[in-house]
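Participant: Quick one: structure below, then a few questions.
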């Protein structure tokens, strides 16, 4: 018997079995709505770490607000291509949702140089025209999240939901604390953990929940 025959499953089977295993591994102390639990399960699956569930935080009603925004066709703005590429193209097409990412464009490189800042900051500033009413998914640089929060504070951006999950050490935990203290609904992973896979998994979960009966 080959290793594929021994271990591999078809995609639908993998999805079902993965979620069963994730559900069984979640910490018993979690107190979440049905939809929040589904989002957390998707993050745990993407990260392969049940303990990350303890650091996932939702502002009140954030999941339902995100579902509603995407149902209405809100643009998904991402800080890096890894987040954008991790979002299901089939789900985006099914719900007629577009994405925007500018991190690797010549305009952002020129802006970063002229403003003496990072490309992550410049990319968020370049995306300002798309931020009102959007769902923003930050999965890489804490500075991208900080730049976004600056735009919110300055009255230049009003997203409907921020998925703030940058990863790292410098200003990472602090950026998420600032997010949680701000006025915009959010989903985050507190502390240093997070990443593009977690941010993309969160968007995919919200897109999937559009077609599922809401539970509380």
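Laboratory data are not the source of any read-out in this text; all were calculated from the coordinates shown. Since the model is a prediction, treat every value here as computed from it, not as a measurement. Glycine also receives a Cβ, built like all others from the backbone with ideal geometry; neighbour counts cover every protein chain displayed.
Participant: Run a plain Debye calculation on the range 1-69 (Cα atoms as equal point scatterers, no solvent) and give log10 I(q)/I(0) at q = 0.19 Å⁻¹, rounded to two decimals, same order as the q list.
Facilitator: Per q value, in the given order, log10 I(q)/I(0) is -0.80.
Participant: Based on the Cα coordinates of the range 71-216, what is the per residue volume of their convex hull in Å³?
Facilitator: Hull volume over Cα atoms, normalised by residue count, gives 107 Å³.
Participant: Would you please report the Å³ per residue occupied by the convex hull of the alpha carbon atoms in the range 142-216? Kindly include the intermediate steps, with their values, before the conclusion.
Facilitator: Values: hull volume 7.3 nm³, N = 75.
Roughly 98 Å³ of hull volume per residue.
Participant: Which residue fluctuates the most in the chain, going by a Gaussian network model with Cα springs under 10 Å, if the choices are 187, 103, 162?
Facilitator: Per the Cα network of the chain with a 10 Å cutoff, 103 tops the list.
Participant: With runs of 4+ DSSP H residues as the only contributors, calculate the mean residue ellipticity of the chain at 222 nm using -39,500 (n - 2.57) per run, divided by the residue total and rounded to the nearest 500.
Facilitator: -15000 deg cm²/dmol
Participant: Can you check how the C-alpha radius of gyration of the range 1-124 compares to 2.2 N^0.38 Å, as a plain ratio?
Facilitator: Taking the Cα Rg and dividing by 2.2 N^0.38 Å, one obtains 1.36.
Participant: Among 69-77, 85-93, how do they line up by average Cβ neighbours within 10 Å per residue, starting with the highest?
Facilitator: Top of the packing list down: 69-77, 85-93.
Participant: Taking the 0 to 90 degree range and rounding to the nearest ten, how far is the long axis of helix 196-209 tilted relative to the main principal axis of the chain, both from C-alpha atoms?
Facilitator: 70 degrees
Participant: To continue, here is another question. Among 116-123, 24-31, 177-184, how do they line up from the highest to the lowest mean number of other beta-carbon atoms within 10 Å?
Facilitator: By packing density, highest mean first, the sequence is 116-123, 177-184, 24-31.
Participant: Antiparallel as a % of all DSSP beta bridges within the chain, to the nearest 5?
Facilitator: Antiparallel: roughly 20 percent of the beta bridges in the chain.
Participant: Continuing with the same structure: Please tell me the relative contact order of the range 1-143 in percent, rounded to the nearest whole number, where contacts are Cα pairs under 8 Å and at least six residues apart.
Facilitator: RCO, the range 1-143: 22 percent.
Participant: Quick check on packing: order 141-150, 47-56 by the mean number of other C-beta atoms within 10 Å, highest mean leading.
Facilitator: Ranked by mean Cβ neighbours within 10 Å, highest first: 141-150, 47-56.
Participant: Turning to a different aspect of this structure: Nearest 10 degrees, 0 to 90: what angle lies between the long axis of helix 34-47 and the longest principal axis of the chain (Cα atoms)?
Facilitator: Roughly 90 degrees, rounded to the nearest 10.
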